[in-house]
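None of the figures in this text is laboratory data; all of them are computed from the coordinates on show. For clarity, every value in this text was computed on a predicted model and none was experimentally measured. Here Cβ is always computed from backbone atoms with ideal geometry, including for glycine, and neighbour counts include all displayed protein chains.
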Amino acid sequence: MAFFCIQSPLVLAVEPEILEYRGVKYVSGGMNEAERKKMDKLASRFPMHMVLTSTAVDGPIEGALVTVKNLSGDVILQEESQGPLFFVEVVGGRYTVEATYNGQTLTETKDLTGRRYLRLRFKFAE
């Protein structure tokens, strides 16, 4: 009797950790398919969704500095992304979001109103 062991690449999905910065909850991740599925399950808890990509990288990116400012210009969140997905728990209002990756900063100012979700896509060229 012969036994064969077929090895497949092991993909570990780290459970996304919900963190807090100055009272604002956020979660980031999605470096592989398993992590993205776990992030998708958390998405409904966070009204602000960011997707971070780069034309210079083949695959997902991490390490972008994400800064969220309120209408008054106060920084309510500033953290480094742990993957291409970054979700933030915010209330309705106007927000300016900056994402910096490899020295390039992209900025979006958007309103979050009612029970809607705010989806932002940042595509870096470098």
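Kindly identify segment 19-124 as rounded, prolate or oblate by the Cα gyration tensor criterion: order the square roots of the eigenvalues as a ≥ b ≥ c, call it rounded if a/c is under 1.5, otherwise compare a/b with b/c, prolate if a/b is larger, else oblate. Write out the running numbers ahead of the final one.
On the way: a/c = 1.74, a/b = 1.24, b/c = 1.40.
Cα axes put segment 19-124 in the oblate bin.
What is the magnitude of the charge dipole of the chain about its Cα centre, with +1 placed on the Cβ of each Lys and Arg, -1 on the Cβ of each Asp and Glu, and no other charges, expressed in debye to the nearest 20?
Values: 15 positive and 16 negative charges, 121 e Å.
Around 580 debye, computed over the chain.
Place the peptides 113-120, 55-62, 79-86 in order of packing, highest mean first, counting for every residue the other Cβ atoms within 10 Å and averaging per peptide. Can you show the working numbers first?
Numbers: 113-120: 11.6, 55-62: 13.1, 79-86: 21.8.
Ranking the peptides 113-120, 55-62, 79-86 by packing returns 79-86, 55-62, 113-120.
Using a simple charge model, +1 on the beta-carbon of Lys and Arg, -1 on the beta-carbon of Asp and Glu, nothing else, what dipole does segment 12-67 show about its Cα centre, in debye to the nearest 20? Kindly include the intermediate steps, with their values, before the conclusion.
Working: 7 positive and 8 negative charges, 57 e Å.
For this selection, approximately 280 debye.
Search the structure for amide H atoms under 5 Å from the amide H of PHE124, placed 1.01 Å from N in the peptide plane, and list their residues when 5 or more places away or on another chain.
THR53, SER54, THR55
Along the charge dipole of segment 19-124, pointing to its positive end and built from +1/-1 on Cβ of Lys, Arg, Asp and Glu, which listed residue (GLY92, THR107, ALA34) has its Cα farthest out?
GLY92
Working out 0.36 nm times the residue gap between THR67 and LYS25, then minus their Cα-Cα distance, what length gain in nm do you get to one decimal?
Values: separation 42, 0.36 × 42 = 15.12 nm, distance 1.34 nm.
Stretched fully, the THR67-LYS25 segment lengthens by 13.8 nm.
Treat the count of other C-beta atoms within 10 Å as a stand-in for reagent exposure and order LYS110, LYS37 from fewest to most. Provide the component values of the computation, followed by the final result.
Details: LYS110 14, LYS37 11.
The most exposed by this proxy come first: LYS37, LYS110.
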